[in-house]
Structure formats: C-alpha cells, structure tokens
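The values are calculated or read from the model by the stated rules, or taken from the named source; none is laboratory data. This structure is a prediction, so every number in the text was calculated from the model and none was measured. Virtual Cβ from ideal backbone geometry, glycine too; neighbours counted across all protein chains shown.
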Amino acid sequence: MGAPPVAGGSRTNRTALLAVTCLGQFMVLLDNTIVGAALPDMQQRLHTQLTGLQWIVDAYVLLVAMLLLSGGVFADRFGRKRVFLTGVAVFTVASGLCAVAPSVGWLVAGRALQGIGAALLSPASLALLVSAYPVAQERVKAIGLWAGLSGIGLAAGPVAGGVLADSFGWPAIFLVNLPVGVVLLVAGARALAESRNPGAPAIDVPGTVLSVLGVGVLTYGLIEGGAQGWTSPVILGSFAVGAVVLAVFVAVERRRPAPMLPLRLFRERLFSVSNTAMVVVGFALMGSSFFFSQFFVYVQGSSLLAAGLQTLPSTLAMVVVSPFAGRAAARYGFRVVVTAGLALAGLGLLTLGAVHADTGYGNVWWRLVVTGIGFALTLSPLTGAAVLAVGPQEGGLASGISSTTRQIGAVLGVAVLGAIVRTGQSGGASFESGLTRAFVVAGAVTVATAVFTGLWLTRSAPTEPTDKTADAERPVRERELHHNG
C-alpha cells in the first residue's frame, strides 16, 4: 500500500508546516479561552444576562460543531492548503467585525462567522499535518507536538483576555487575532504544499443541511430552556424537531453512497470510543471553563486581570502535559492514558465543586491543575486515535469528526451547565450554589465516562496487544491488511 504524498517533503519544510499549522490552531484555541476571560466585561458593557453570554460563546461553538465535518471533507476534496488559508481569512475578518460590534446581536453574528472560519481552518490544519507524516509512529508524535504547541493558546487566553479587557475593554480580545491572521496568510502561502485525497467523496448536501438544522435546533432549546421554561411549547417543540431531524440525518447517511458522516467508521472500536469520550471532554472542559472567570469575579470578587491569572493553572497544565500525552498513549496504550486522564479531570472538577467564596486561592489552584492535567491526557490521544483509526487518506474527515464531537460536547456543556446554574438561581439559590452544582455534575459525568471507557474497551478487546505501541498503530495496520486483502 503506497504512502500518501508528503507535504513539503524535507525536514525543513516539515518544520515550517508544523509551525504554520500550530499557529493556526493556536489562534483558534486562543479564541476559546480569551473570550471566557472577558465575559464579565461583556456582561457589564453590553448590558446582557447569562443567556446572552451563553450565545456569545455558543454562536461560535455551534457553527464550528455544525460545519467541522464539512470542513474536513472540503479539505480532503478541494485541497488542504486552500481550505486552511480560506479559514484563516474568514476567521481574521470575522475577528475584526466582532471588535466593532455595537450590540450583543452583532457580536453573536460575528462570533458565528468566526465559527465558520474555524470550521475550515482546524480540520485542514490537522489534515495537512497528517499528510506530511505518513508513518504512524511519527504521526503520533507530530500530533502530540501540534496539540501541545498550539495549546499554548489555551494558556495564553485567560491572561491575555484579562489584561486586554481590563486595560482596553473586551473589543481588544478580538483585535489580537488580526496580526496573527496576517502572518498566517503570508507564511502559509509560502510554506505549505497543497495536498488532497483524490478519492474524496462529493459534498453531501442533504447530510450537511440536516446536521446543521438538527444540532442548531437542539442547541437553541438547551440555551433558551432556562429562560423560557423547559415545558414551554417553543422549547419542547425545538427538542422534538431536533430529535426528528437528527434521526432523519442518520437514516439519510445510511443510504447515501458517499455520506458526510460514514457510519462504517464507528464500527472501528478505537474510533467509536475516542469520539464518544471526546463528547464528554468537550462537555466538561468547555462547560466548566465557561464559569471559571465568572466564579473568580462574581463569587470571590477578583478583578478581570486577577481572574485571568487565577484560571491560568488549568490551561498551563494542559500546555505542559499535552506534548507528552500522545507519546504516553503510544507507549502505555490508549485505554490506560485516556481512562486515567478522564478520572483525573473528573476528580478535579468534583473538588472544584467544594470551593466557595471564602476558600483561599492556595486551596484552589491545585484543583485547577489536576483538572488541566486530566484533560491534557485525553485530548491529544483521543484526536490521534480518531485519525489513526482511519488512516492518512481520510485524515481531514477523521479530524473533522473528532473535532465535531468535541464541539458538540462543548455546546452541550455551556448550555446544560448554564441551565443548571440558572435553574438554581430561579429557585432562590445563589450564583455560587449554582456553580457548585454545575462543577459537580461535570465531574460526575467525566468520572463515569472514565469507568465506562476502561470497562468497555476491556470487554470489547479481550486480547490486548503485547507491544506497548500497538494500541496506537493497530487500527492502521488492520486497515492496511484489509485493503491489501
């Protein structure tokens, strides 16, 4: 079975490609955490409530979740470099529009446009990297570096957001993307070599439309349910319509010769488990981090800058640990590392549920570190497992599915945990009590998933490989053997 063409070829070109793809993902990840740090300032200056803040976050996450699958297919079919640079351009322009938004409505629209750019940029970034490293073991290490180096954006976000929002106001957090975007466009045009999957399927228009409608309607119901009432006709109707549309989506995908979501991929045990766990990671990570800065500002009385610094241990732990997570999975096995990571993250969130207004920071920061380490041990191996399970030719599709499941989890996390906080307040409880319940729910779901992942993999694979690197490489080898017949 021939190896796919290597983008760039030489080690120098590979280094340049790694730098560009990491910077692109850095910009996307920076946007995830820098916005969270500025939410209190947005709430004050834009005169909005918790529902408005949820839409500012979820307008972006929702569009990413709805379009990532298409972005991965576009990258494989039309060229990964072309789609990557298009995503960078859209994201950069959208960031400028967000910075000048005069109201919550305009800001939400700009965030949605940012989501479109990220949905093109992110899967193309990983697909470019995968095509440059056709050897499975090298690809595992490269994905680990990509996740770790680009993950610096996660660590930089809270501090940068706190500094910029405190000094210049929330619009400054979007202006920071403009110079990064310009550098990416110039460097990417020169450093990246074009690659594509010649066997990529045609665009699945019915699948794309149905997935966008289904996820969008369900998200609307989750976010607005707390404000309009969970039993209101509009909310119940949105849940019913969303469920029906997604059921139709699955039925359509089963019958199409080239679906946007090939259900056959989920027959691969590693692919199925990794994406299931990724939903929970998105739910717990994004759902809890949405409230980190709000906890420090509204419960403990910190300034925006101080809150940004106080949330730093979690993201910094992720940056430090992420580059080693892929290697650990290759050495010790996917099941061991991911199960341990989910357990740590869940326990960290459960301990955050015991933090109160009078808890000293010396008894808070280590809980954030434990949570960050846990998520770092899961993100890179889960992404790598999903890509390795299908092979390099479908790298864009696999990375798109993996990122989509994480983003869907993130949408659910912000919506569900936000609803828990809001419902508690409407029942007379304080914001602090609502946060406590939200952190406990996120932690309990994550710990339960750790147990499920470990047991399900053990029962599904009674014969474990003796080679410690086999967990990462086995799906590729099995697929190659299948294709070679």
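Some notes on this structure:
- Total residues in region 247-275, condition surrounded by 12 or more Cβ atoms within 10 Å (Cβ to Cβ) and more than 24 Å from Asp76 (Cβ to Cβ): 2
- Qualifying residues in region 345-367 (those that are among the hydrophobic types (A, V, I, L, M, F, W, C) and buried (at least 24 other Cβ atoms within 10 Å of the Cβ)) - the one nearest to the chain's Cα centre (by Cα): Ala345
- Among the conditions (1) within 24 Å of Gly454 (Cβ to Cβ); (2) touching a Ser or Thr at 6+ places or on another chain (Cβ under 6 Å), the only one that Leu377 does not satisfy is (2).
- Any hit, region 63-78, residues being in contact with a Phe, Trp or Tyr (Cβ under 9 Å, 6 or more places away or on another chain), surrounded by 24 or more Cβ atoms within 10 Å (Cβ to Cβ) and under 30 Å from Gln310 (Cα atoms): no
- Candidates Leu68, Leu85 - the one that is more than 12 Å from Leu113 (Cα to Cα) and either within 14 Å of the chain's Cα centre (by Cα) or among the β-branched types (Val, Ile, Thr) (or both): Leu68
- Residue count for region 355-390 under the criterion of being among the charged types (D, E, K, R) and part of a loop (DSSP other than H, G, I, E, B): the result is 1.
- The residue that is farthest from the chain's Cα centre (by Cα), counting only those in region 429-467 that are buried (at least 20 other Cβ atoms within 10 Å of the Cβ), at pLDDT 85 or above and hydroxyl-bearing (Ser, Thr, Tyr), is Thr436.
- Residue in region 337-354 that is assigned by TED's automatic domain parsing to the domain that holds Val387, within 29 Å of Thr436 (Cβ to Cβ) and not in a helix (DSSP H, G or I) present: yes
- Residues of region 257-293 satisfying the condition of being of a type in the set (D, E, K, R) and under 22 Å from Ala450 (Cβ atoms): Glu268, Arg269
- Identification of helices (runs of 4 or more DSSP H) wholly contained in region 148-259 with 3 or more residues that are modelled with pLDDT of 90 or more yields 172-175, 177-191, 233-255.
This table checks each residue for (1) polar (S, T, N, Q); (2) at pLDDT below 85; (3) crowded, with 22+ Cβ neighbours inside 10 Å.
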residue	(1), (2), (3)
His47	no, no, no
Thr51	yes, yes, no
Val61	no, yes, yes
Val90	no, no, no
Cys98	no, no, yes
Ser103	yes, no, no
Leu121	no, no, yes
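- For Gly308, the test of being crowded, with 22+ Cβ neighbours inside 10 Å, closer than 20 Å to Gly443 by Cβ, in the same structural domain as Leu30 (by TED's automatic domain parsing) and of a type in the set (Gly, Ala, Ser) is failed.
- Meets criteria (in the same structural domain as Thr378 (by TED's automatic domain parsing), of a type in the set (S, T, N, Q) and at pLDDT below 85) for Ser288: no
- Restricting attention to region 395-428, the residues being surrounded by fewer than 24 Cβ atoms within 10 Å (Cβ to Cβ) and either among the charged types (D, E, K, R) or modelled with pLDDT under 80 (or both) number 7.
- Test: residue in region 267-290 that is touching a Lys or Arg at 6+ places or on another chain (Cβ under 7 Å), part of a helix (DSSP H, G or I), closer than 23 Å to Leu30 by Cβ and not β-branched (Val, Ile, Thr): yes
- Some residue of region 60-69 being in a helix (DSSP H, G or I) and either of a type in the set (Asp, Glu) or more than 23 Å from Gly36 (Cβ to Cβ) (or both): yes
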